[in-house]
Each structure stands twice: as structure tokens, then as C-alpha cells.
1. Go through segment B:249-277 and give me each residue that's more than 15 Å from B:CYS310 (Cα to Cα) and among the hydrophobic types (A, V, I, L, M, F, W, C).
2. Residues that are among the hydrophobic types (A, V, I, L, M, F, W, C), within 10 Å of another protein chain (Cβ to nearest Cβ) and touching a residue at least 40 places away in the same chain (Cβ under 8 Å): which helices (runs of 4 or more DSSP H) entirely in segment A:423-484 hold 2 or more of them?
3. Just wondering, is there one or more residues in segment A:65-72 that are in a helix (DSSP H, G or I) and of a type in the set (Asp, Glu)?
4. Kindly indicate which of B:GLY130, B:GLY100 is within 13 Å of ligand 2 (Cβ to nearest atom), touching a residue at least 60 places away in the same chain (Cβ under 8 Å), within 11 Å of another protein chain (Cβ to nearest Cβ) and crowded, with 23+ Cβ neighbours inside 10 Å.
5. Surrounded by fewer than 17 Cβ atoms within 10 Å (Cβ to Cβ) and either assigned by TED's automatic domain parsing to the domain that holds B:VAL163 or not hydroxyl-bearing (Ser, Thr, Tyr) (or both): which single residue out of B:ASP47, B:ASP80 fits that description?
6. Condition first: charged (D, E, K, R), in contact with a His (Cβ under 8 Å, 6 or more places away or on another chain) and either assigned to a strand (DSSP E or B) or crowded, with 20+ Cβ neighbours inside 10 Å (or both). Can you find one or more residues in segment A:353-365 that meet it?
7. Out of (1) of a type in the set (Gly, Ala, Ser); (2) more than 14 Å from ligand 2 (Cβ to nearest atom); (3) touching an Asp or Glu at 6+ places or on another chain (Cβ under 7 Å), the odd one out for B:GLY233 is which?
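The values are calculated or read from the model by the stated rules, or taken from the named source; none is laboratory data. Predicted, not measured: the structure shown is a model, and the values here were computed from it. Note: ideal-geometry Cβ built from the backbone for every residue, glycine included; neighbour counts use all protein chains shown.
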Amino acid sequence: MNILYDERVDGALPKVDKAALLAELQAQLPDLDILHRSEDLKPYECDGLSAYRTTPLLVVLPERIEQVETLLKLCHQRGVPVVARGAGTGLSGGALPLEQGILLVMARFNKILEVDPAGRFARVQPGVRNLAISQAAAPYELYYAPDPSSQIACSIGGNVAENAGGVHCLKYGLTVHNLLKVDILTVEGERMTLGSDALDSPGFDLLALFTGSEGMLGIVTEVTVKLLPKPQVAKVLLAAFDSVEKAGRAVGDIIAAGIIPGGLEMMDNLSIRAAEDFIHAGYPVDAEAILLCELDGVEADVHDDCARVSEVLKLAGATEVRLARDEAERVRFWAGRKNAFPAVGRISPDYYCMDGTIPRRELPGVLKGISDLSEQFGLRVANVFHAGDGNMHPLILFDANQPGELERAEDLGGKILELCVKVGGSITGEHGVGREKINQMCSQFNADELTLFHAVKAAFDPSGLLNPGKNIPTLHRCAEFGRMHIHNGQLPFPELERF
Amino acid sequence: MSVIANDASAQLLDQVNQALAANTPLRIQGSGSKSFLGRQADGVLLDTREHRGIVSYDPTELVVTVRAGTPLTELEAALDAAGQMLPCEPPHFAEGATVGGMIAAGLSGPRRPWSGSVRDFVLGSRVITGQGKHLRFGGEVMKNVAGYDLSRLMAGSFGCLGVLTEVSLKVLPKPRLCTSLRLEIDLDRALLKLAEWGQQPVPISAASHDGKALYLRLEGGEGSVNAARERIGGEDLDPGYWNELREQRLAFFADPRPLWRLSLPNNTPALGLPGDQLVDWAGAQRWLKSDADAVTIRGIAIEVGGHATCFTAGATSNPFQPLSAPLLRYHRQLKAALDPQGIFNPGRMYSEV
Ligand SMILES: Cc1cc2nc3c(=O)[nH]c(=O)nc-3n(C[C@H](O)[C@H](O)[C@H](O)COP(=O)(O)OP(=O)(O)OC[C@H]3O[C@@H](n4cnc5c(N)ncnc54)[C@H](O)[C@@H]3O)c2cc1C
Ligand SMILES: Cc1cc2nc3c(=O)[nH]c(=O)nc-3n(C[C@H](O)[C@H](O)[C@H](O)COP(=O)(O)OP(=O)(O)OC[C@H]3O[C@@H](n4cnc5c(N)ncnc54)[C@H](O)[C@@H]3O)c2cc1C
């Protein structure tokens, strides 16, 4: 079932008179950069989920918060939908535009406003790139911990909206754990501060609620993040296994030994080969699976932990355990993992990246299930896995030029996510629901839960103008999806009328 | 230790539905150990303690799922037996404190600035809502961004948004080595030192100052802890100090004047406060015993970017710091979304919520 906005099941959108809106924006905001010609709008048709495109009504590129404030007030008065966009690296179509809506690009807000080493925080504008924060903090031996693989490009505003993670989040947490304060503009263009400069703030924890809300509850205008001292040393162990099950069990063994690695990643044979061809990281290409285990902290502890983890890995049946000899080799080991997506991109015309999470103990069964599905759909699947926190990124290989393959890849992806839900996991660990997983939300949540989500949305945005259609499906969509997609002979939402 | 398990969620749901039908407010209570905190809520008592027990715990997954009425001591004993812990060190304040009360009160102990708060460890929850539905949010996995994060929102909401029946928490292994020390330096110097150490990989996991000396706890591997212990110096401290601090049993807390909690930004200098103070969280949390009025105390906290909560029942009509107008409006709208009839602990946090 198509994920593009469909007024029939996703709800009617306001009709907007483009020319009148443009004229009013130009009159009220004469210095605002507005794109309105179709050739200028084209680059903004999609985010990182490039299979889906919609031309926005208008694109605005503000440089001052006051412009955003005025814009939102105007859109609120006129009932114009607004879709926020950061750097557009999102993989779930969160920043996918609407034909009847304005795309509000926050990327020009790229200033680091303050780095306070003694207070261990940085105050930045929402368009600042994730990596730029750590670079600005580096002279003080501090850094911002969440490190999505897209960190050279993605914006901190987008990270807040997606609650982005990274390879180090088992130990250092997700975006939500590393924020102090977020300034937002509400749909009405009112300024509000969530969180504070202190470690907590009075009232409900709206900062936690807002983090990961995908641009549905407000527009991020400023972010204050926590900075951490850089670990003194980081060492990486690479362990090879002759079966993915053994590698999966080894992960549990490391944690049972009381060790929380800075990063713990797993790759299967197809990913290992693709990465090795691309990066020459020195991976053992005949291994069925490898684990990369990074241990960081104070030198003496890291030294001890390396010895402990090596022992655990060998006991778990690793065929080889290698400690990166020097910083250059450590960087190479990681480069292979961090470039796994583009590496897979080289061996297949297209790939589709999934983002399910599972309880780690379910890994062997889920990998088996994925390989069965892969055979059934006739499409190869490469697995890279944030093994420490149970976040899988199966990459489905396909060729969009072959008729029907994209649809097949999507169906296969949907099945993989349902498998994750079945074993107690989630359809998305860090990439968000956006439009991409809007149908699978119907598998993870029941009608009452979805209804409550809509109520939360309405508490912030009663007229539904912020990023309409994302994150939470309508019950109509779920009913329709259910009709086309019967699980185990059971219709989801049997109580609902079918459309 | 035997853990009593009993699923009483059906009874809890019944009681909520009856309250909805009769339109009468409920006063949600675990053991009532934190009833001194916040405003008094009127309503029929809803006692969660029959709904108890650990639902699932697999130490290698670092996740425990537990019913809300479970005594915190039972949960902690089960974790301890597996060499794990709740890193946020929630205070008990009384024998029977429950897991639900711990989440709803959202209070964290001395490790909080380094480990994270109660909400940081919440992964999922089951909640009875003001629509009379028993719903599930989040889950038992470390990462989950499907839908809005209602589980973390429940932390610190004092039962004003629903009845928490079950919660999944991230847990962590206990550190291999832990040592505590007392260093006789004044507060100004201690805060400077803490700011300096905060920028270095020094394995501090608790830091308090009582006006006379700095109290520090170091946690981690043998190498880092021993090196830091040597470098910082001072004399050995009985680690029981941290429990006494967390449970507010130090002599400081016996002072009859009202108790205030100031939550302040990192690196806030020593403040001249109208009363006696005890510094925790490396300066980010300061306890104050004072007869000064709320406006005066809050004025000082706000001036430096923080806020103040009164921890003594009846000392002020607004124990929680009042919200800005837009924030209050969104609090009310959110409350109306989750509890449209306003039956859960009405007025417990704010008279308008
Ligand atoms: C190669 C690659 C690797 C990736 N690796 C990871 C990874 O390891 N971990 C991970 O978590 N993600 C990863 N991602 C996904 C993506 O980078 C993240 O989701 C990122 O947080 C998106 O940031 P952005 O600035 O590009 O946001 P966009 O894609 O522009 O927007 C994402 C969402 O945020 C909203 N938004 C953006 N800015 C604002 C704002 N100022 N106010 C309100 N809402 C806003 C949008 O409406 C949209 O819903 C990866 C992506 C790619 C392409
Ligand atoms: C500094 C300090 C000192 C204290 N000193 C003492 C003391 O000396 N003696 C003493 O007896 N107590 C003391 N307390 C009380 C302590 O009040 C806490 O109440 C306790 O940790 C909470 O556990 P509980 O089960 O008793 O929660 P309760 O006190 O029962 O509940 C706390 C809050 O959570 C809500 N709640 C509880 N369960 C749920 C649920 N399942 N779903 C939704 N909401 C729920 C309640 O409505 C209430 O708002 C002190 C507290 C503090 C902060």
C-alpha cells in the first residue's frame, strides 16, 4: 500500500492558493528566501528515502528565528501545512514535502552560539551539523556523544526530531540522553523552552516527549547539548565467527561479564565482503560474521577490559580475535562499518535500509527468519547490526529498474519489521517512522494507542498543520492496510469499518 | 529473597473505569512514601501495591520489566543478585516505596549527573489512561522511536497523566570498584575542582559538599579508580554516606526549617543562600534549609538559570516552581489529552493541572 500522502485515508488537506500565499509571504517577509519555481523546488522533493518524491508548494530558507516566527503565525492563520527539514538525510521520509504545504528548511541556522567547557555544554542553532559540535568542542578535549553514521551531514535539529542514535549509544545514550534544553516555536509561532540549563526542570518532561517527535509538535530553534570529556583511549577488537548465532551469543556473554563496550557492532558475510571490497579494512572475508567491540575510557581500565573481552570472545567460539594495532588500524576497522551502506550500494543498483530493533536474545531466530524471507522474495539481504543495543539494519538489495522489484523490496522490508514486532521489538530504533513505516505502525500499536498518540499531537497542534501524515497513521489507513494485509488469518482492527 | 508476583491490573482498570463513570478523582498511591512531596491531591485512594512482581528480567539484555506496585527493595535485590543496578539510585524515603512511585516521582540519587536520571532509564511502560484503556508504549528494547515517547513522559509526572502499571527499565552492571573519600576544602575551591575534573576522564560518580569538606565517590575499573584516588588525595570515607545523603538522613536534614531543593546549571558558583545548604550532584543540586519565602528562594535559583522545589509539606502552596504561561497552557492541553475528565491526582503538581 503506497506511502505517499493519500487524502482518502490520511485525511483531507487544506487547499492552498499558491500565488496568494507567495504574495503574502513576500509582502510580510521581504528578506526571506523563498523558492517557488518548479526547477528550484526539485532538489527538495525528497529526503534520504529517495524512492519517494513530492514537489513542495514552496520552499522557504529562513536565516533569522523571527522569520520562522512570522512564517508560522501566518501559516497558522491561513491554515497552511508546514513540513520542517534539516539536512534532509532522514531515511524514513520524515521531511518528505506536501504538494499543499510549505517546506521549512532550517539548514541555514548553522551557528554554534556558545561552547562552555566548564559547564560542559554547547548551545547551537538547529541547522548545525552533528559533527560540527564535536569539532567545536575538540579544543577543550570534549565532544558530543551521539554519532549517527550520517554525522558529517545531518543537523542537530533533525537529530532531536528523530532521537538519533549512533554506534556509541549503548554506553553514551541517544540524543534524548544528551540534551539539556530545546527552544521551540509552537505551531502558533509562540516561543517555548523545553528542559533547562539545569539537569531537570519543573513540570512534565516535555523535552523527553518532544525528542523523536519528527517535526510534529513544534519547530526546533535552538539546542543546548551536553558535552563529555573525550575518553583517554579507545581500542577496537575484531572477532571473526563461523556462524552468526555464535557471534550473537558472544554479545550477551560480553555484557554478562559486566562490560559495557563503547561500541559493539556486528556484520554478516555479505556486508563484510562488500565493506572489504570498498574500504580494505582488513576484514576476514570468509567469516560468517564479525564483531567489532570498542572499549574506551581510562588507559588502565581499557587494557584490562580488552584482555577480559578477548577471553570471552574466544570462549564464545571466535575463530580469530584481533586487537587493532594502532589508531590507523582502529580507524580502518570502523571505516568499514561506517561505510557499510555505501559499500553495499556498490554491489547492488539499489538498496533499502531497514531499522528494526529486537531483544538481543532473539537475534539467531530473526536472522534465520530474514534469510528465509530473503529466499522467498528472491532478494539478497546484507545485515549490519548495532549488536549492543539490538538495532538491526538489514539492507535489502534490489534493482529499481526491474519492474516490480522496488515493491518486492518494500514488501520484504515490511515483513522483516513485522518479524521484529513479533519477537517483542520495534519497527524503528533510530530512523523514525516518517512516511516509510506508517503502515507498520498499525502492526506495532493498536487502535487505542494510536488514538492516544493523535490526542497528544492535538494537544500541541490541534489543527494538524505541522508535518501532516507523518509518524502516526490514521485508523482509516490501518483499516485499509489491514484489509490488504491479513496476519495469520486475523484482521487487525476487526472493529473498524473497512474502506 | 522471594518475590511476590500478582497481576492486579484488571482490578486497577476496574477502579479507574468506575471512577470515570462516577466522575470522581483518584489519588494514586504506592506506599505513600513521597506523599509529603508536591501538593495534596484529593480523591479516592487507588493503591497499586497488589499489582506487583518482576515480569521479566534477563541480565544479558540489560532490561527488567516490573509491575508498578513492586517494592523498590525487591527490584533492587533481584538486580543486585545478578551484579546489576538501577544506575540512577532512586531514593526510597521509606520501607515500602514502590517502583511506580519511583518513576512517578522521578527522583534520582547522587549518581544522577554522571549516569542519567530515572527517565533516562525508562524504556517502556503500560499505562491506564483517562480513557479507561490499558495501553502499552515503548518496549523492552534499548532503542525505539516508534510513536511519541509517552513512557519517559510518565517519569516525574506524579501520577497526573495516568496509572502506571508496568515499566521496563534499562539496568547496568555494577562497577568493578568503588571507593569514597573526604577532602577538606572549601566550597568555592571544591566547585572549581569539580569543573576541572568534569572536563577530564576522572571516574567520579558522586560529589557533595557540606560546607566543610568535599565528599567524592569514584567508580570504574581498578586502574582508573586507584589512579584517581591517588591523585585526588583526602581521607577514606564510609560509602554509607551516599545512602544517608540520598535518603536524607544526614544531620543536615534534621533541621526543622522547610527543605528546598535547588536544581542549578553545572558550574554555578557558590551562592549565598538564606539558610543552611548541602551541595550534591557536583553543585547541580543544592539542598537548602530555610525559612525564607518561596519568592526569595526561587528568585535566587532563577537568577542563575535554575529552579527550586519545596520538599516540606505545607511550607508553601506551590511546592513546584510555577510554569511560564505557554508551558502551563501545554501542560493543561496534554493533561486534557491523557486524562480528559481530570481524575488522576488533580492538582498534585499544579492547581491548574
Ligand atoms: C548514510 C546515512 C547513515 C545514517 N546513519 C544513521 C545513524 O547511524 N543513526 C541515526 O539515528 N540516523 C542515521 N541516519 C538517518 C538521519 O541521518 C537521521 O535521522 C538524522 O537525525 C536526520 O537529520 P536531518 O538534519 O538530515 O533531518 P531531516 O532528514 O531533514 O529531517 C528529519 C525529521 O526531522 C524533522 N526536522 C528537521 N529539522 C527540524 C527542526 N528544526 N524542527 C523540527 N523538526 C525538524 C523533519 O520534519 C523530519 O521529520 C543516517 C542517514 C544516512 C543517509
Ligand atoms: C527528600 C525526601 C525525603 C523524604 N522523606 C521521607 C520520610 O522521611 N518518610 C517518608 O515516609 N517518606 C519520605 N519521603 C517520601 C517519598 O515521599 C517518596 O514518596 C517515595 O519514593 C515514592 O514511593 P511510593 O511508592 O511511596 O510513592 P508514593 O508516595 O505513593 O507516590 C509518589 C507519587 O507517585 C504517584 N504514583 C505512585 N504510584 C503510581 C503509579 N503506579 N502510577 C502513577 N502514579 C503513581 C503518586 O500519586 C504520587 O504522586 C521523602 C521524599 C523526599 C523526596
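1. B:LEU250, B:ALA251, B:PHE252, B:ALA254, B:ALA270, B:LEU271
2. Counting at least 2 such residues, we get A:447-460.
3. Within segment A:65-72, one or more residues are in a helix (DSSP H, G or I) and of a type in the set (Asp, Glu).
4. Step by step, each of B:GLY130, B:GLY100 is checked, and only B:GLY130 is within 13 Å of ligand 2 (Cβ to nearest atom), touching a residue at least 60 places away in the same chain (Cβ under 8 Å), within 11 Å of another protein chain (Cβ to nearest Cβ) and crowded, with 23+ Cβ neighbours inside 10 Å.
5. After ruling out the rest, the residue left standing is B:ASP80.
6. Yes, segment A:353-365 has at least one match.
7. With (1) of a type in the set (Gly, Ala, Ser); (2) more than 14 Å from ligand 2 (Cβ to nearest atom); (3) touching an Asp or Glu at 6+ places or on another chain (Cβ under 7 Å) applied to B:GLY233, the lone miss is (3).
Residue by residue, here is whether (1) more than 17 Å from A:PRO394 (Cβ to Cβ); (2) within 12 Å of chain B (Cβ to nearest Cβ) holds:
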residue: A:LEU292; (1), (2): yes, no
residue: A:ASP301; (1), (2): yes, yes
residue: A:ALA324; (1), (2): yes, no
residue: A:PRO364; (1), (2): no, no
residue: A:GLN376; (1), (2): no, no
